[in-house]
Amino acid sequence: MSIISTLIKKRTPVAEEEAGEKEMSFLDHLEELRWHLLRTAGVIVIFAVGLFIQIPWLLHSVILGPFNAEFPTHKFLCGLQKSLCFDKIDVQLIAIDPYEQFVKSITISLIGGFVLAFPYFIWEMWRFIKPGLHPAERKGMGGSVLIISLLFFLGTAFAYYVIAPFSVTFLAGYKLAPEIANQWKIGDVISMIIQISVGGGIVFQMPVLAYFLSRIGILTPAFMRQYRRHAIVVLLVVAALITPPDWISQILIFLPLQLLYEISIRISGVAMRQRERDIAKALA
């Protein structure tokens with residue numbers, strides 16, 4: 001049984017399996033999925049409320065952290081070369097719309113809640129999928145919740161500590177003319193930091209996606225090698241979508257994505273060999 005089949009059919013506990021499998025209807029599956037999502041939403045809201053209480057700290061220390069000269073990346077670069085040191089980024093932040101600051105406070109809290117609750121979200125999705133898998137499939141995906149969560153946080157941290165400060169520094173330092181002042185809407189700044197950070201966490205899931213697709217026979221390492229050049233173009237487009245329109249940020253995110261693609265080819269090979277062994281055992 002493939003992973004996709006879990007959306008159609010669910011296995012019963014072992015005691016019931018021995019007496020015969022009991023199938024759930026499509027509506028039963030939707031109902032169960034709804035409860036998994038509702039529990040996840042509840043956890044996200046709990047985290048979001050806690051973050052909303054601390055919104056001044058969250059805004060200045062996290063969202064606007066890359067604007068501060070004490071940000072770890074800036075301090076590291078300053079230690080490498082004095083010419084890279086600065087007091088602050090010369091940008092005036094403004095709010096134009098009446099509800100902008102309040103709405104963005106809620107946005108920051110909810111996105112932050114999702115980031116903190118991400119491992120729980122993946123665990124709930126695993127609980128939904130797991131009953132529909134054969135024991136061999138469950139064993140092959142052991143530790144997937146931990147791996148997916150680690151890749152997400154790794155990608156988010158990389159994007160936040162590497163891509164975000166370079167993007168902010170480049171965009172704040174670029175001017176059409178010296179007399180033109182940089183006045184940025186706070187909502188746009190918040191959206192940019194969130195887009196970069198969360199986008200980095202999502203695209204770092206490439207090895208996991210390659211493993212799952214290979215386990216169900218959709219993807220093969222030969223296919224990935226054959227279309228490597230096409231993949232480079234796609235990765236460049238993805239890098240452009242999750243970063244501001246400056247080539248430095250795009251290259252900085254593209255390089256790890258290309259490395260992850262090469263790693264995904266090898267992971268796909270491992271998944272294919274596992275799949276072939278499972279098929280051989282089933283036919284034996």
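Pick out which of Ala172, Ala157, Ala95 has the largest mean-square fluctuation in a Gaussian network model of the chain, springs linking Cα atoms closer than 10 Å.
Ala95
In the set (i) 50, 40, 35; (ii) 78, 44, 30; (iii) 67, 38, 36, which value of Cα extents along the principal axes in Å was calculated from the structure you see?
Checked against the structure: label (ii).
Cα centroids of the stretch 25-58 and the stretch 63-109: how far apart, whole angstrom?
Here the two parts' Cα centres lie 29 Å apart.
Compute the helix-to-body angle for 26-53: its Cα long axis versus the longest principal axis of the chain, expressed 0 to 90° and rounded to tens.
30
Not counting the cut sites, what is the longest span of the chain without GluC sites (Glu not before Pro) that DSSP labels loop and that have at most 12 other Cβ atoms within 10 Å?
The longest such stretch corresponds to 71-178.
Assign one of three labels to the stretch 245-284, namely rounded, prolate or oblate, based on the Cα gyration tensor with a ≥ b ≥ c the square roots of its eigenvalues; rounded applies when a/c is under 1.5, prolate when it is not and a/b is larger than b/c, and oblate otherwise.
prolate
Between the helical axis of 100-129 and the dominant principal axis of the chain, each derived from Cα atoms, what acute angle in degrees is found, rounded to the nearest 10?
With rounding to tens, the tilt is 20 degrees.
According to the square roots a ≥ b ≥ c of the eigenvalues of the Cα gyration tensor, what is the shape class of the stretch 187-252, taking rounded for a/c under 1.5, prolate for a/b larger than b/c otherwise, and oblate for the remainder?
Judged from the Cα gyration tensor, the stretch 187-252 comes out oblate (a/c at least 1.5, b/c at or above a/b).
Leaving out ligands, DNA and RNA, what percent of the accessible area of the chain is carbon and sulfur, probe 1.4 Å?
69
Using DSSP loop states and a limit of at most 12 other Cβ atoms within 10 Å to flag trypsin sites (Lys or Arg not before Pro), what is the longest stretch of the chain containing no flagged site?
Longest gap between qualifying sites, sites excluded: 23-174.
Just want to confirm a number: the relative contact order over the chain, from Cα pairs under 8 angstrom separated by 6+ residues, in percent.
In percent, rounded to a whole number, it is 22.
Between Val270 and Cys85, how high is the FRET efficiency from 1/(1 + (r/R0)^6) when r is the Cβ-Cβ distance and R₀ = 35 Å? Nearest 0.05.
The pair Val270/Cys85 has a calculated efficiency of 0.15.
Positive end of the charge dipole of the chain (Lys, Arg +1 and Asp, Glu -1 on Cβ, about the Cα centre): tell me which of Pro256, Leu51, Ser83 has its Cα farthest that way.
Pro256
Can you give the extra length, in nm with one decimal, that the chain gains between Gln92 and Glu179 once fully stretched, where that is 0.36 nm per residue apart less the Cα-Cα distance?
The Gln92-Glu179 span can extend by a further 29.9 nm.
For the stretch 100-241, take every pair of Cα atoms, bin their distances at 10 Å starting from 0, and report each bin as a whole percent.
Histogramming the stretch 100-241 at 10 Å steps yields 9, 29, 30, 20, 8, 3, 0 percent.
Which of the chymotrypsin sites (Phe, Trp or Tyr not before Pro) found in the stretch 161-210 are loop residues per DSSP with 15 or fewer other Cβ atoms within 10 Å of their Cβ?
Sparse-neighbourhood loop chymotrypsin sites (Phe, Trp or Tyr not before Pro): Tyr174.
Can you classify the stretch 167-284 as rounded, prolate or oblate using the Cα gyration tensor, where a ≥ b ≥ c are the square roots of its eigenvalues, rounded means a/c under 1.5, and otherwise it's prolate if a/b beats b/c and oblate if not?
prolate
Extension gain Ile232-Val49, at 0.36 nm per residue separation less the Cα-Cα distance, in nm?
Length difference between fully extended and current span is 61.8 nm.
About its Cα centre, what dipole magnitude does the chain give when the only charges are +1 on Lys and Arg Cβ and -1 on Asp and Glu Cβ, stated in debye to the nearest 20?
Value, rounded to 20: 880 debye.
The values are calculated or read from the model by the stated rules, or taken from the named source; none is laboratory data. Remember, it's a predicted structure, so these values are computed and weren't measured experimentally. With ideal geometry, Cβ positions are generated from the backbone for all residues, glycine too; neighbour counts draw on all protein chains shown. Ligands, DNA and RNA are excluded from the accessible area calculation, which covers all protein heavy atoms including side chains. Shrake-Rupley method; radii C 1.70, N 1.55, O 1.52, S 1.80 Å.
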